[in-house]
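**Student:** Dumping the structure here so I can ask a few things about it.
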Amino acid sequence: MMLRCVLPCAVLLVAPAVAGQAGQAEDNKLAPYYPTPKLVVERMLKLGELKPGETMFDLGSGDGRIVIMAAKKFGAYAVGVEIDKDLVEASRRRVKKLGLEGKVKIIHGDILQQDYSSADLVTIYLLPTSNEKVRPLLEKQLKKGARVVCHDFDMSGWAPDQVEHIEDDGEGRSHTLYLYRR
Ligand SMILES: C[S@@+](CC[C@H](N)C(=O)[O-])C[C@H]1O[C@@H](n2cnc3c(N)ncnc32)[C@H](O)[C@@H]1O
């Protein structure tokens, strides 16, 4: 049987631990770390029509898998924004090891405090309430024609240009991707 929406389950598991941690970083946490399977990463970037030379942002970049594939396989300039210090350090190490320093930048900061006006594509794997917080920022900053791809949770209030279902990510889980154009 296919499983769906693994992120909410992760929230239930992680929430008590998060609630017990002090610090501003955790106060601003919009979602726990839950990586997108590689097969789904590629489908997100294809759906987002990412082209060589374009600039993309991943909001909450985790271990850097989306920005790394965006640079390595799609030839984009890729920027990850991540609040978790350990994930920032790990992803920067990977970027360096792969020799992608000129093509990938990892910002250690809050998604809600960045400038996305240079983005051709934005990828998002956050929670529905987080998407609601991000939406006004993107509406204000994104240039005309920029694309947004949301994984599993849509951007409520926006009409998707395309919706793609992935029945099996190779581990028996299904996923839904939403493409938006500004
Ligand atoms: C569900 S994971 C997605 C990771 C990656 N984008 C992927 O799809 O594999 C969400 C990520 O967002 C990060 N995050 C949560 N709130 C954040 C915030 N306010 N600013 C920056 N990163 C944040 C988490 O630390 C986590 O790595």
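**Student:** Would you mind counting up the charge near residue 178? Only other residues with Cβ under 10 Å from its Cβ, with Lys and Arg at +1 and Asp and Glu at -1.
**Tutor:** Within the 10 Å Cβ shell, the charges total -4.
**Student:** If you don't mind, there's one more thing I want to ask. Pick from 35, 160, 136: which residue has the top mean-square fluctuation in a GNM of the chain where Cα pairs under 10 Å get a spring?
**Tutor:** Among 35, 160, 136, the largest GNM mean-square fluctuation belongs to 136.
**Student:** Under a 10 Å cutoff between Cα atoms, tell me which one of 120, 168, 154 has the largest fluctuation in the Gaussian network model of the chain.
**Tutor:** 168
**Student:** Give the long-range amide H neighbours of residue 105: residues separated by 5 or more places, or on another chain, with amide H under 5 Å away, using H modelled in the peptide plane at 1.01 Å from N.
**Tutor:** Long-range HN contacts for residue 105: 78, 79, 80.
**Student:** Treating cross-link reach as a plain straight distance, find the aspartates and glutamates whose alpha-carbon is under 15 Å from the alpha-carbon of residue 143, omitting any fewer than eight places away in the same chain.
**Tutor:** 54, 115, 120
**Student:** Separation between the residue 72 and residue 33 pseudo-spin-labels, each 7 Å from Cα along Cα→Cβ, expressed in nm?
**Tutor:** Taking the two extended label points, one gets 1.8 nm.
**Student:** Same structure again: Work through the residues other than residue 90 whose Cβ is under 14 Å from its Cβ and net out their charges, Lys, Arg +1 and Asp, Glu -1. Provide the component values of the computation, followed by the final result.
**Tutor:** Working: positive: 65, 85, 92, 93, 94, 96, 97; negative: 63, 82, 84, 86, 89.
It works out to a net charge of +2.
**Student:** Over the chain, what portion of Cα pair distances is larger than 30 Å, expressed as a whole percent?
**Tutor:** Values: 2065 of 16471 pairs.
Counting every Cα pair in the chain, those more than 30 Å apart make up 13 percent.
**Student:** Can you pull out the GluC sites (Glu not before Pro) in the range 18-118 that DSSP calls coil and that have at most 15 other Cβ atoms within 10 Å?
**Tutor:** Filter output for the range 18-118: 49, 101.
**Student:** Do you know the relative contact order of the chain, to the nearest whole percent, from alpha carbon pairs under 8 angstrom that are 6+ apart?
**Tutor:** Numbers: 338 pairs, mean separation 40.4, N = 182.
It comes to 22 percent, rounded to a whole number.
**Student:** Picking from 166, 83, 102, whose Cα lies most toward the positive end of the charge dipole for the chain (charges on Cβ: Lys, Arg +1; Asp, Glu -1)?
**Tutor:** The Cα lying farthest towards the positive end belongs to 102.
**Student:** Here's another thing I want to ask about it. Of 30, 126, 98, which is the most mobile in a GNM of the chain whose springs link Cα atoms less than 10 angstrom apart?
**Tutor:** Among 30, 126, 98, the largest GNM mean-square fluctuation belongs to 98.
**Student:** Further question: Near residue 96, which aspartates and glutamates are there with a Cα under 19 Å away, not counting those fewer than 8 places off in the same chain?
**Tutor:** Within the straight-line cut-off, residue 96 pairs with 58, 63, 82, 84, 86.
Since every read-out is calculated from the coordinates, none of them should be taken as a lab result. Bear in mind the structure is a predicted one, so any value in this text is a computation, not a measurement. With ideal geometry, Cβ positions are generated from the backbone for all residues, glycine too; neighbour counts draw on all protein chains shown.
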